[in-house]
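Step one of this worksheet: look at the structure below.
Rule-based calculations on the coordinates, nothing more; no lab input. Predicted model, so just to flag it, every value in this text is computed and none were measured. Here Cβ is always computed from backbone atoms with ideal geometry, including for glycine, and neighbour counts include all displayed protein chains.
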Amino acid sequence: MHKPVRKAVFPVAGLGTRFLPATKAIPKEMLAVVDRPLIQYAVDEAREAGIEQMIFVTGRGKTAIVEHFDMAYELETTMAARGKGMEVLEATRAVPGDIITVRQQVPMGLGHAIWCARAIVGDEPFAIFLPDELMIAHKGGTGCMKQMVEAYGEVGGNLISVLEVPEEEVSSYGVIAPGRQVSDSLTEVTGLVEKPPRAEAPSNKIISGRYILQPEVMRVLEGQEKGAGGEIQLTDAMARMIGTQPFHAVTFAGRRYDCGSKLGFVEATLALALAREDMGDEVRVMAERLLSGER
Ligand code: G1P
């Protein structure tokens, strides 16, 4: 039996400079795709996978994220009096103690952000969610982390979610060297490299922002040197775990939107709005009208 994955780390200390001025006074993780902030998509995905404790690695100006999962007394009283809309608020509120924050203080990279959560992660396997990567299940299907937790039940060890990108994009990501194919969606990982030049990339399969890692990675991160971009890289620490513990990649059966870029964000907004039962038809008509050149 593999120890269950009960905790998840969400690195949310980034400044969100790509979305300025929208992110001047609000965290980028609070930008909404249709009507849910990005961070809530990630937390909902974690809850669906059976994860109970959410650890946010935050920084200055990020309190709105924590408030989002708190009880909003004035709102709840008002909505209760009106007799509607309570479910939306209740779906966000966390059980006391299930949201924990630690501060990163200095932006030294993803590996450093994860290391900041070491005392709370303790001696357990844990998940990581990069909320910029919006992972949407197929209709009737399960979310990315739930699929990973299921794979973890079979192979244990460490898992990352991967997807294929065009070759010219590999240098923006962590890239895997794939080994033996275990099943349609599961592959062994024999190597990992962060943001390689295109010619040196071992494949076009990139790490897409979801991880299940064993706590030993924290000890590797402890003495970690700076890597790509002068930052302490999680990918480098994971690379050093290969060979000491099982390491697999899961290809998510679902859709991924890169909400760290404006284009990806617009694509996600459109796709999710079109898929919504309460507005999809109207959005389609609206989109067709706009594409036809009408205003
Ligand atoms: C991070 C990781 C990278 C991963 C990417 C996914 O990079 O370091 O391995 O592929 O997220 O979004 P970042 O986007 O923070 O530069």
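A compact table of results
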quantity	calculated
Of residues in segment 190-219 being of a type in the set (A, V, I, L, M, F, W, C) and farther than 27 Å from D44 by Cβ, the one farthest from the chain's Cα centre (by Cα)	A199
Tabulated pairs, segment 129-146, first among the aliphatic types (A, V, I, L, M), second within 15 Å of the ligand (Cβ to nearest atom) and part of a loop (DSSP other than H, G, I, E, B), C-beta under 9 angstrom, 6+ apart or interchain	L130/G260; L134/C259; M135/F252; A137/F252
Subset of segment 152-172 (residues that are buried (at least 23 other Cβ atoms within 10 Å of the Cβ) and farther than 30 Å from M1 by Cα)	V170
Which numbered condition V170 misses (of (1) part of a helix (DSSP H, G or I); (2) within 17 Å of the chain's Cα centre (by Cα))	(2)
Only listed residue being away from the ligand (no atom under 16 Å from the Cβ), over 21 Å from the mean Cα position of the chain (by Cα) and within 25 Å of K24 (Cα to Cα), chosen from A81, A72, A64	A72
Segment 173-186 - residue that is β-branched (V, I, T) and crowded, with 21+ Cβ neighbours inside 10 Å and, of those, nearest to the ligand (Cβ to nearest atom)	V175
Members of segment 16-30 that are surrounded by 15 or more Cβ atoms within 10 Å (Cβ to Cβ), at negative phi and assigned to a loop (DSSP other than H, G, I, E, B)	T23, I26, P27
